[in-house]
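Engineer: Before anything else, here's the structure in question.
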Amino acid sequence: MSSARYEVDSAATLASRLLDGVEERRSQAGFGPTQLRVGMDVIAVREVARSLERFGGRYVERLFTVHEMATCRCAADTVGNVRGYSTERLAARFAAKEAAIKVLRPIGARPAWPSIEVHRTAGGWCELRLSRSAATLARQAGIDQLAVSLTHEAEVAGAVVVGVCNQGRMDADAGQTGAGRVE
């Protein structure tokens, strides 16, 4: 019986391989380099359940958008139900917000929680939607794409967020990135 040898690459190595061809094409087109930012967070579902039990609607309304609250509603007999919400779903969305903040890298005040929304699409997958202060931070960092992956299982919820930072089109005269210019 022969054993196969598998190489396991780090996420950074895989991202580097993925970006190699993209970087060459971007450079030829006069664009600056692309940078990936990755944020990850895990949370104990029981912590969300405790906060929901203690603060009720104030907790949910402070952290989540109307869309998020609606997608986290559950039947009274559902396991993990606290005050009509799935604590696993809320925890996963909270983890995604924390992971997004790690990607945005604010200096000083953090963006308001509802300005980072985990939007569940009609197809069932989730995407991040930024507004207000979170959208401003993304624009300032040159982040023009975000991807999110959520997971939850009984006691733990987690999320990973990847942001693509494009440095913009290089200004041919100054050799600087064209800040604020949309092309």
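The values are calculated or read from the model by the stated rules, or taken from the named source; none is laboratory data. Remember, predicted model here, so these are calculated numbers, not experimental data. Here Cβ is always computed from backbone atoms with ideal geometry, including for glycine, and neighbour counts include all displayed protein chains.
Engineer: Could you list, ordered by first residue, the pairs with Cβ atoms under 6 Å in which the first is in the range 109-125 and under 13 Å from residue 71 (Cα atoms) and the second is small (Gly, Ala, Ser) and in a helix (DSSP H, G or I), at least 6 apart or interchain?
Structural biologist: These pairs meet every condition: 118/96.
Engineer: Restricting attention to the range 106-153, and to residues there that are among the β-branched types (Val, Ile, Thr) and within 16 Å of residue 41 (Cα to Cα), which single residue is nearest to the chain's Cα centre (by Cα)?
Structural biologist: Of everything passing the filter in the range 106-153, 148 is nearest to the chain's Cα centre (by Cα).
Engineer: While we're looking at this one, here's another question. State whether the residues of the range 23-41 include one that is more than 23 Å from residue 154 (Cα to Cα), charged (D, E, K, R), at pLDDT 95 or above and in contact with a Phe, Trp or Tyr (Cβ under 9 Å, 6 or more places away or on another chain).
Structural biologist: The answer is no, given that none of the residues of the range 23-41 is more than 23 Å from residue 154 (Cα to Cα), charged (D, E, K, R), at pLDDT 95 or above and in contact with a Phe, Trp or Tyr (Cβ under 9 Å, 6 or more places away or on another chain).
Engineer: Here's a follow-up. Quick test of your reading of the structure: residue 138 fulfils all but one of (1) loosely packed, with under 14 Cβ neighbours inside 10 Å; (2) of a type in the set (A, V, I, L, M); (3) modelled with pLDDT of 90 or more. Name the failing condition by number.
Structural biologist: (1)
Engineer: Suppose the filter is in contact (Cβ under 8 Å) with a residue 12 or more places away in the chain and aromatic (Phe, Trp, Tyr); does residue 55 pass it?
Structural biologist: no
Engineer: So residue 96 passes all but one of these: (1) crowded, with 19+ Cβ neighbours inside 10 Å; (2) touching a helix residue (DSSP H, G or I) at 6+ places or on another chain (Cβ under 6 Å). Which condition number does it fail?
Structural biologist: Looking at each condition in turn, residue 96 falls short on (2).
Engineer: In this structure, does residue 47 turn out to be at pLDDT 60 or above, among the acidic types (Asp, Glu), assigned to a helix (DSSP H, G or I) and over 27 Å from residue 165 (Cβ atoms)?
Structural biologist: Spelling it out, residue 47 is indeed at pLDDT 60 or above, among the acidic types (Asp, Glu), assigned to a helix (DSSP H, G or I) and over 27 Å from residue 165 (Cβ atoms).
Engineer: Would you mind stating whether residue 87 is within 18 Å of residue 129 (Cα to Cα), modelled with pLDDT of 65 or more and touching a helix residue (DSSP H, G or I) at 6+ places or on another chain (Cβ under 9 Å)?
Structural biologist: No; evaluated as a whole, the condition is false for this residue.
Engineer: Looking at the range 126-140, I want the residues that are on the phi > 0 side of the Ramachandran plot and have a partner that is aliphatic (A, V, I, L, M) with Cβ atoms under 9 Å, at least 6 apart or on another chain. Which pairs are those?
Structural biologist: Matching pairs, first to second residue: 132/112.
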